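*Asks:* Before I ask anything, let me first share the structure, which is written out below as structure tokens.
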Amino acid sequence: MAQSSVPLKIPATDRKRVIVIGGGFGGLNLIRKLRHRNFQVVLFDKHNYHTFQPLLYQVATAGLHPDAIGGPLRYIFHSYDDFHFRMLKVTSIDPDKKMVTTTAGDLGYDYLVIAGGARSNFFGNKDIETYSFPIKSIPDALNLRSQLLENLEQANMTQNAAERKRLLTIVLVGGGPTGVETAGALAELRKYVLPKDYPHLDLSEMKIYVADGLKRLLPQMSEKASAKAQKDLEKLGVIIRLESMVEKYDGKTLTFKTGEKIDTYTVIWSAGVTSEVFPGLKPESLEKGRILIDEQCRVLNAKDMFAIGDIALMKTQDYPKGHPGLAQVAIQMGKYVGKNLSALDAGESVKPFKYLDKGSLATIGRGKAVADLPGHLFFGGRPAWWIWLFVHINYLISFRNKLLVLANWVWNYFTFDKGNRLIIRPFVRKDEPQTKAPVVQNVPEEAEIVH
Ligand SMILES: Cc1cc2nc3c(=O)[nH]c(=O)nc-3n(C[C@H](O)[C@H](O)[C@H](O)COP(=O)(O)OP(=O)(O)OC[C@H]3O[C@@H](n4cnc5c(N)ncnc54)[C@H](O)[C@@H]3O)c2cc1C
């Protein structure tokens, strides 16, 4: 990606300028708190929308359409005074010159807040990165949806039994909430929706696996939650492979370290994340791919710079290895910095950040979920499912999103259908010479960016 040395044009102001990198959970909540404060706020994001990532898997499995979980950033902040959004990619940061370099130009700051989130971690395995499907962004989710539906179309046509089996096999690598929720949604698609769409396809041949290197699913939740999630998934016909580390994947066959091989065109990768660390930051400000911050969210060894959310690493007594990669952490850090920036600017001291753990949730399907709530409270089944529904609707970004998601869910619930089943990428049969566009595997990062 070319580096720019052209100044980026932003209207002049006599206010101090805060640049925010990332309009995710952290950036959004920070900017809301900065409203009516005496700062100019400039938001950079490579997308022109906020993504509600916890529901991406529902876009990938045809339960929701993408607009239901995205909010245009210009719309969200259109009534804010001295707020400026620029859609671009940040390529580096110069902490000494207090300058951010982007694909569209350079801009200086008085304060910088880095809220760039995380990206999928392929642990350096290039083949897995090329051939597997992450669910980290809306383009990822739509690409995966097309892949799943396209494979069904091809399975319905092929005369070759081995090819049909490979087309109908899906492996989710990573038994965290994304793997569990996606597997549950796929199993329900197979049970309720696909028999109507493909009456002549033998769907007992469609296999859905969840594989993880650890001993249990949902390792960040209680053992009760793990056991219940596993039981619910197995009831839906999902095959669980625990203590199974992936060794390689060539786009056709997934190989585990145990030697087991699974023939599949679809490996969904949710086995870990790492963060988007920007070139230019000093090595003393970084640890294990995250940005080290103090208890006021200030980046260590950098002046007037903050980091929040998934990208930030704050070591506290309660969280010696940093906070978990959860939306609530990003939301609370964003609100904290937004609320305290004026005081910090005036040189006043502020109370350290304290994360309030509101619990963890994961849903498996209709009326099936697990919830660990504060005070060691555990709920499973329908009560947990209602909590899950309420929490997700509540945290969606706008009234429009809440309405769209609710309408889709009510429709899906009563019709046992999932209506968003369009294949929206060029369709090329895998057994034909590829004279048109190649079948898209992983969407390249550049495909998401408009310069
Ligand atoms: C599939 C999935 C399911 C999840 N489910 C849950 C859940 O159920 N519960 C939960 O609490 N958490 C969940 N999470 C985690 C949660 O979404 C994250 O913890 C949260 O989004 C972190 O917020 P953030 O502000 O740090 O980053 P993000 O929300 O990721 O936002 C980062 C923003 O930075 C932008 N950006 C990144 N790099 C650049 C760049 N170079 N230039 C310009 N812009 C850039 C991105 O476009 C993005 O808008 C899930 C995550 C995923 C992927």
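The values are calculated or read from the model by the stated rules, or taken from the named source; none is laboratory data. Remember, it's a predicted structure, so these values are computed and weren't measured experimentally. Positions of Cβ are generated from backbone atoms using ideal geometry, with glycine treated the same way; all protein chains shown enter the neighbour counts. The area values use the complete protein model at the heavy-atom level, side chains included, leaving out ligands, DNA and RNA. Shrake-Rupley method; radii C 1.70, N 1.55, O 1.52, S 1.80 Å.
*Asks:* Of the numbered conditions (1) at pLDDT 95 or above; (2) within 30 Å of Leu30 (Cα to Cα); (3) in contact with a helix residue (DSSP H, G or I) (Cβ under 6 Å, 6 or more places away or on another chain), Ile387 satisfies every one except a single condition; which is it?
*Replies:* All conditions pass for Ile387, except number (3).
*Asks:* Does segment 214-222 include one or more residues that are at positive phi, loosely packed, with under 14 Cβ neighbours inside 10 Å and assigned by TED's automatic domain parsing to the domain that holds Gly174?
*Replies:* No, segment 214-222 contains no residue that is at positive phi, loosely packed, with under 14 Cβ neighbours inside 10 Å and assigned by TED's automatic domain parsing to the domain that holds Gly174.
*Asks:* Among the helices (runs of 4 or more DSSP H) contained in segment 41-149, which hold 3 or more residues that are aliphatic (A, V, I, L, M) and open to solvent by less than 20 Å² (accessible area, probe 1.4 Å)?
*Replies:* Once the helices (runs of 4 or more DSSP H) in segment 41-149 are filtered for at least 3 residues that are aliphatic (A, V, I, L, M) and open to solvent by less than 20 Å² (accessible area, probe 1.4 Å), what remains is 56-60.
*Asks:* From (1) more than 13 Å from the ligand (Cβ to nearest atom); (2) surrounded by 17 or more Cβ atoms within 10 Å (Cβ to Cβ), pick out the condition that doesn't hold for Gly27.
*Replies:* Tallying (1) more than 13 Å from the ligand (Cβ to nearest atom); (2) surrounded by 17 or more Cβ atoms within 10 Å (Cβ to Cβ), Gly27 fails exactly one: (1).
*Asks:* Can you tell me which residues in segment 280-297 are over 30 Å from Ile170 (Cβ atoms) and surrounded by 15 or more Cβ atoms within 10 Å (Cβ to Cβ)?
*Replies:* Hits for segment 280-297 are Gly280, Leu281, Ser285, Leu286, Arg290, Ile291, Leu292, Ile293, Gln296, Cys297.
*Asks:* While we're looking at this one, here's another question. Would you point out the residue of segment 30-46, among those that are out of contact with any helix residue (DSSP H, G or I) (no Cβ under 8 Å at 6 or more places or on another chain) and away from the ligand (no atom under 14 Å from the Cβ), that is nearest to Pro324 (Cα to Cα)?
*Replies:* Filtering segment 30-46 for residues that are out of contact with any helix residue (DSSP H, G or I) (no Cβ under 8 Å at 6 or more places or on another chain) and away from the ligand (no atom under 14 Å from the Cβ), the one nearest to Pro324 (Cα to Cα) comes out as Arg35.
*Asks:* Moving to a separate point now. Could you say whether any residue in segment 220-231 is part of a helix (DSSP H, G or I), in contact with a helix residue (DSSP H, G or I) (Cβ under 6 Å, 6 or more places away or on another chain) and under 30 Å from Ala327 (Cα atoms)?
*Replies:* Yes: one or more hits.
*Asks:* Looking at segment 256-279, which of the residues that are within 16 Å of the ligand (Cβ to nearest atom), in a loop (DSSP other than H, G, I, E, B) and open to solvent by 20 Å² or more (accessible area, probe 1.4 Å) is nearest to Leu142 (Cα to Cα)?
*Replies:* Selected residue: Ser270.
*Asks:* Scan (1) open to solvent by less than 30 Å² (accessible area, probe 1.4 Å); (2) within 27 Å of Gly175 (Cβ to Cβ) for the single condition Gly334 breaks and write down its number.
*Replies:* Unmet condition: (2).
*Asks:* Ok, one more. Is there a residue being under 30 Å from Val350 (Cβ atoms) and of a type in the set (Gly, Ala, Ser) anywhere in segment 280-288?
*Replies:* Scanning segment 280-288 turns up at least one residue that is under 30 Å from Val350 (Cβ atoms) and of a type in the set (Gly, Ala, Ser).
*Asks:* Here are Val193, Val210: which of them is of a type in the set (Val, Ile, Thr), over 18 Å from Gly251 (Cα atoms), modelled with pLDDT of 95 or more and surrounded by 16 or more Cβ atoms within 10 Å (Cβ to Cβ)?
*Replies:* Val193
*Asks:* Kindly provide the set of residues from segment 307-323 that are under 22 Å from the mean Cα position of the chain (by Cα) and not basic (Lys, Arg), ordered by number.
*Replies:* Listed by number, the residues that qualify are Ala307, Ile308, Gly309, Asp310, Ile311, Ala312, Leu313, Met314, Gly322, His323.
*Asks:* Look through Leu300, Leu326 and report the one residue that is open to solvent by 60 Å² or more (accessible area, probe 1.4 Å), within 12 Å of the ligand (Cβ to nearest atom) and either touching a helix residue (DSSP H, G or I) at 6+ places or on another chain (Cβ under 9 Å) or not assigned by TED's automatic domain parsing to the domain that holds Asp94 (or both).
*Replies:* Being open to solvent by 60 Å² or more (accessible area, probe 1.4 Å), within 12 Å of the ligand (Cβ to nearest atom) and either touching a helix residue (DSSP H, G or I) at 6+ places or on another chain (Cβ under 9 Å) or not assigned by TED's automatic domain parsing to the domain that holds Asp94 (or both) holds for just one of Leu300, Leu326, which is Leu326.
*Asks:* Something else now. Where the second residue is away from the ligand (no atom under 13 Å from the Cβ) and of a type in the set (Gly, Ala, Ser) and the first is assigned to a loop (DSSP other than H, G, I, E, B) and lies in segment 288-316, which pairs have Cβ atoms under 9 Å and are six or more apart or on separate chains?
*Replies:* Gln296/Ser349; Leu300/Ser285; Asn301/Ser285; Ala302/Ser285
*Asks:* If you don't mind, another one. State whether one or more residues within segment 165-174 are within 21 Å of Glu243 (Cα to Cα), in contact (Cβ under 8 Å) with a residue 24 or more places away in the chain and part of a helix (DSSP H, G or I).
*Replies:* No, every residue in segment 165-174 fails to be within 21 Å of Glu243 (Cα to Cα), in contact (Cβ under 8 Å) with a residue 24 or more places away in the chain and part of a helix (DSSP H, G or I).
*Asks:* Exactly one condition in (1) within 10 Å of the ligand (Cβ to nearest atom); (2) more than 13 Å from the chain's Cα centre (by Cα); (3) of a type outside the set (S, T, N, Q) is not met by His50; state its number.
*Replies:* All conditions are met except number (2).
*Asks:* Check whether at least one residue in segment 338-354 is within 16 Å of the ligand (Cβ to nearest atom), modelled with pLDDT of 95 or more and either touching a Gly at 6+ places or on another chain (Cβ under 9 Å) or of a type in the set (S, T, N, Q) (or both), and report yes or no.
*Replies:* no
*Asks:* Please pick out the residue among Asp345, Asp417 that is acidic (Asp, Glu), over 30 Å from Gln317 (Cα atoms) and either in the same structural domain as Ser222 (by TED's automatic domain parsing) or open to solvent by 50 Å² or more (accessible area, probe 1.4 Å) (or both).
*Replies:* After ruling out the rest, the residue left standing is Asp417.
*Asks:* If you go through segment 350-360 one residue at a time, do you hit one that is surrounded by fewer than 21 Cβ atoms within 10 Å (Cβ to Cβ) and under 23 Å from Asn38 (Cβ atoms)?
*Replies:* yes
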